[in-house]
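Worksheet: one structure, shown below.
The values are calculated or read from the model by the stated rules, or taken from the named source; none is laboratory data. These numbers come from a predicted model, not from an experiment. Virtual Cβ from ideal backbone geometry, glycine too; neighbours counted across all protein chains shown. Heavy atoms of the whole protein, side chains included, go into the accessibility calculation; ligands, DNA and RNA do not. Shrake-Rupley method; radii C 1.70, N 1.55, O 1.52, S 1.80 Å.
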Amino acid sequence: AIYYSSGVCGVDGEDGHVHNTALTHRHDDVPEHDQHATEVQHTTQQALLHLLLFVPLVYLTALVITALFGMPALIRVVAERDYPQLERKNGGSFVGSVWSAVVAVVLFIALWLVTLPLWLIGAGVIVPFVAAAYLNQRLFRYDAIAEHASAEEMATLFKQERGGWWGLGLLTGLVQFVPLLNLVGPVFAALAFIHYGLARLEQRRRQGSV
């Protein structure tokens, strides 16, 4: 006969004596499905962290490099081909370009970090588009017209064409979310702002409104 009491199993042996055998339970073994769920959760967290922090920083670096070092060559090509008669008034400077880039980067990072909690309530999906629009228009508008516009013309165009700068920033920002196209996103954004800025400057000079 078998007897059980308080975790001890008693077996009535052939010799008439009761042999007690302690029952042991292994609590250290985690079920396989729980381990799999933990691994999936860990992988998801890493992917989300990569998406929210690493990818934006990589693209941000590419944009800044393009704005500071690629814009002069791109402006030269565009201006000589499409705006050869546009007078250069050199209202901007390299220091101004660097300062504009610093402000754009700092505010972009601040905006991104402050709005991270919005991802918890599902509203975070709009953050990348708003942040990209701000970054692009702030980063490229200065360099786009710095060589051709005077300081006064630059201030006027930044103020009166604010909607156009933001719209173009949003449009070029969307490119970074399209696979393959995002590889040329920084150059595309630079060219778009150069064409927009020089076209608006030329138009206003013809109208005599700047």
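Sort through 168, 135, 111, 116 and tell me the only one that's more than 13 Å from the chain's Cα centre (by Cα) and either under 21 Å from residue 58 (Cβ atoms) or open to solvent by less than 60 Å² (accessible area, probe 1.4 Å) (or both).
Numbers: 135 fails: more than 13 Å from the chain's Cα centre (by Cα); 111 fails: more than 13 Å from the chain's Cα centre (by Cα); 116 fails: more than 13 Å from the chain's Cα centre (by Cα).
Testing whether each residue is more than 13 Å from the chain's Cα centre (by Cα) and either under 21 Å from residue 58 (Cβ atoms) or open to solvent by less than 60 Å² (accessible area, probe 1.4 Å) (or both) leaves just 168.
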The range 171-180, residues that are touching a residue at least 40 places away in the same chain (Cβ under 8 Å), open to solvent by 40 Å² or more (accessible area, probe 1.4 Å) and not aromatic (Phe, Trp, Tyr): 174, 176
Options 173, 163: the member that is more than 26 Å from residue 58 (Cα to Cα) and in a helix (DSSP H, G or I): 163
So residue 128, is it within 15 Å of residue 67 (Cα to Cα), touching a residue at least 12 places away in the same chain (Cβ under 8 Å), open to solvent by less than 60 Å² (accessible area, probe 1.4 Å) and part of a helix (DSSP H, G or I): no
